[in-house]
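The block underneath contains the structure these notes are about, expressed in structure tokens.
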Amino acid sequence: MLIRLPVLPLFRCIVLTLLLFVALPSQASDEENARFSGYSNLTHAVIYDWGMSQGLSNPQIEQALKTSDIENDSSPLGIVFRHIMALSHQGFDDAPANLPPLPSEPVTEAHWRYLKKLDPYRYAANRAYFIFLEAMIAYNGSTDRLTQSIPALQKLKSEMLEAGHKSAVATVSMWLANEFSENDPFSAKAEIEYALPHLVDFDRQRAMETQLDPDHAHTWLAQFYKEFNVQSRVVYHAQKDIEGARQRNALRADYFGDAILALNRMGRFDEAGALAEEATRIAQQSGDHVQKVIALAYRLSVYTHRQDNSERQKIVMLAREGAAVSAESLPPAWQMLPSLFHAIATAIEGSQQAFDDAVSAYQAVIDKQLDASYYPKTIELLNHYNLRRIYKLRGDNKNALRQFELYDQKMLAYNTESYSLNDKRRRDPLSEDIEFTHLRLAKAKEAEQALRLETERLRAIVAGLIASLLGVLTMWFWQRQRRSARLADTDSLTGALTRRALYSALSKPVNDNITSCMVLIDLDYFKQVNDHYGHVVGDEVLTITSNIIQSRIRKSDKLCRYGGEEFLLYLHDIDKTQAIKLVDDIRETLNDCCTWTTTDARFSVSFSAGITEVINCKDIDAIVATCDTQLYNAKAAGRACTRAIVFG
């Protein structure tokens, strides 16, 4: 006899059982991800919020550590984050009381693989910080750590590239930039610009991942351009930083510092003053004591840079107000402000003894900050810069000049040390500036070295020094010249004239009595564009450059592709002042071009230019040689600029 089983209830039981087994791993994964997120954000608070005015307060962090029970968590998540938290405050006396001790079990690759499987983005951010932290501790903060941290971060970057996570790659690139900034500022700048399009605005829910956000990128780029002494780019990136904070309703007075200082250095005091006033309004609205003091420092900065005798009493009034602030009420980074304010006020109204005492008190605070800092560079440079202004207010030009020389020496020492090419034998500031420029060129990437050598070859050939080149290079160049001679009058890539065609066209106009100008243009760092983005992108850059130039010149003017990334421009019936304005306008238009059809990357290019004004000269080669000399001077002055001369 067959027994009839209840089919429908049995089916339901099987389905529910299957669903249970499927749901349990998913639920466990969600719980682990939530714990991963919680530990990561708590670690961010321990590292970045402890002892600071923003974010979680110290009592909130202590309570969160206690509630998390991370000290008793022996899972991969617990081991990794206990290591990061403990190491982040190692050697500091003011660590949180509930901070878990360093576990005896080391962090292994198996632990990191577990984190990566849960969330690659969060894994990358925390591992990048751990790599940095471990190297800092192992080498006591010295630059020797870079032999450990940079290869490890590059490996992590490659790992994230394989994973295809753009934001994770960008975050690791920012940490690489942080390390490269110690010995290779050009690579650091390249990493930041590489990462910038894919960085995410700061998000408290992903605090470690978004700590190095676009604001940090613009801030760091402003710092690099400050070192390169390109103040206009400092202003650009500092204002981007301000705009980003304003859009997030997170704008504070301290966001304005780089822009105000750069504008002061360029002598644009009205713009600097307007930003200082805006910073003051924001500080007043916030009611934050620290921000008010910072805003006061910015206002005082404008007046002390302008050095207008009619404003001296206003300087004294503001300085006295700032000097009354208790240093202990300010974060460590700003505790030198009251003593700086006091020194400024005493410089104007105090006796010599009082002034000397005030400067000594300020220097003592700076020395204390230097002893406690892993990164003394900024503090030392700013100290000499501030002392120069103080002595200038005092009317002590000798000591003001001495501080200026010390500033230059420190800047040179830091940058040459970055390239492991420090040479302290030279002390003349002008010679140091020239040497510093040459050292930057010498230590640039191999592509930059190749570009410099190519420029030297072209200049030598134009000047008639063919015999000085090596036989192989001479043969290569003349073969290139012969191939160029067989080309048509129009360059096939850029649409500009060939050199031969331009020389032929100029045989008559250059001989008359009309004032004209010859301009030699060379794209800056073009070899790096080819190496980094490929020759197809490089070809587009050349074409866009030619199109922009041709759109801005008249029919009576002539443009040719002079060779590689160089263009030769003849401007008919125009003097060098007008030519400089035209060339600078063309450079600004080209610099605004950041998007390209052959790549998703965003970057801008600039060029250096040498201009020669001529009247009734028959020797075109001599004119071009003069242009080349001016181009060389523009390159030596830092690129992205123009140098001009009247021929003869």
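The values are calculated or read from the model by the stated rules, or taken from the named source; none is laboratory data. Since we're looking at a predicted model, the values are computed, not measured. Cβ coordinates were reconstructed from backbone atoms using ideal geometry, including for glycine residues, and neighbour counts include every protein chain displayed. Please note that ligands, DNA and RNA were not included when accessible areas were found on the heavy atoms of the full protein model with its side chains. Shrake-Rupley method; radii C 1.70, N 1.55, O 1.52, S 1.80 Å.
Express the accessible area of the chain per residue in Å², computed with a 1.4 Å probe while the remaining protein chains stay in the model.
Numbers: 31860 Å² over 648 residues.
Heavy-atom SASA per residue in the chain reads 49 Å².
Which entries in LYS581/LYS635; LYS116/LYS189; LYS66/LYS157; LYS189/LYS635; LYS226/LYS377 show an alpha-carbon gap greater than 24 Å?
Details: LYS581/LYS635 18 Å; LYS116/LYS189 28 Å; LYS66/LYS157 34 Å; LYS189/LYS635 19 Å; LYS226/LYS377 13 Å.
The pairs that break the limit, which is 24 Å between Cα atoms, are LYS116/LYS189; LYS66/LYS157.
Taking the alpha-carbon centroid of each part, what is the distance from segment 571-605 to segment 518-562 in angstrom?
Going from one Cα centre to the other spans 9 Å.
Please go through segment 181-258 and write out the trypsin sites (Lys or Arg not before Pro) that DSSP classes as loop and that have at most 16 other C-beta atoms within 10 Å. Don't jump to the answer; show the numbers that get you there.
Values: sites: LYS189, ARG204, ARG206, LYS226, ARG233, LYS240, ARG246, ARG248, ARG252; in loops: ARG248, ARG252.
Passing sites in segment 181-258 are ARG248.
Just add up the charged neighbours of ILE192: K/R +1, D/E -1, any other residue whose Cβ is under 13 Å from the Cβ of ILE192.
Result for the local shell: -3.
When each pair of different Cα atoms in segment 265-310 is counted once in the 1/r mean, what is the Kirkwood radius in angstroms, to one decimal?
Numbers: mean 1/r = 0.0921 Å⁻¹.
The answer is 10.9 Å.
Probe radius 1.4 Å, ligands and nucleic acids ignored: give me the carbon and sulfur share of the accessible area of the chain as a rounded percent. Let's see the in-between values first.
On the way: 17230 of 31860 Å².
That share works out to 54 percent.
Taking mean projected area of the Cα convex hull in nm² as the quantity of interest, determine which of (i) 38.3; (ii) 40.7; (iii) 43.2 was computed from the displayed structure.
Checking each listed value against the structure points to (iii).
With the alpha-carbon atoms as the only input, what is the per residue convex hull volume for segment 118-192 in Å³?
Numbers: hull volume 5.2 nm³, N = 75.
About 69 Å³ per residue, rounded to a whole number.
Excluding LEU318 itself, what net charge comes from residues whose Cβ is under 15 Å from its Cβ, given Lys and Arg +1 and Asp and Glu -1?
Details: positive: LYS292, ARG299, ARG306, ARG312, LYS314, ARG320, ARG389; negative: GLU277, ASP308, GLU311, GLU321, GLU349.
After counting each charged neighbour, the total is +2.
Just to confirm the filter: which chymotrypsin sites (Phe, Trp or Tyr not before Pro) across segment 341-391 are DSSP coil and have at most 13 other Cβ within 10 angstrom of their Cβ? Please report the intermediate quantities before stating the final value.
Numbers: sites: PHE341, PHE355, TYR362, TYR374, TYR385, TYR391; in loops: TYR374.
Passing sites in segment 341-391 are TYR374.
Going Cα to Cα from LYS392, which aspartates and glutamates come in below 19 Å? Please leave out same-chain ones fewer than 8 positions away.
Those aspartates and glutamates meeting the cut-off are ASP308, GLU311, GLU349, ASP356, ASP357, GLU380, GLU405, ASP408.
Any idea how far the Cα center of segment 634-648 sits from the one of segment 293-363, in Å?
Here the answer is 40 Å between Cα centres.
Taking the alpha carbon gyration tensor of segment 63-119, what are the square roots of 5 times its eigenvalues, largest first, to the nearest whole Å? Mind dumping the intermediate values first?
On the way: eigenvalues 89, 34, 17 Å².
One finds semi-axes of 21, 13, 9 Å for segment 63-119.
Among ILE47, LEU493, SER158, whose Cα lies farthest out toward the positive end of the dipole of the chain, if unit charges sit on the beta carbon of Lys, Arg (+1) and Asp, Glu (-1)?
Towards the positive end, the residue furthest out is LEU493.
With axes computed from alpha carbons, what is the tilt in degrees of helix 231-247 against the longest principal axis of the chain, rounded to the nearest 10 within 0 to 90?
Orientation of helix 231-247: about 30 degrees from the principal axis.
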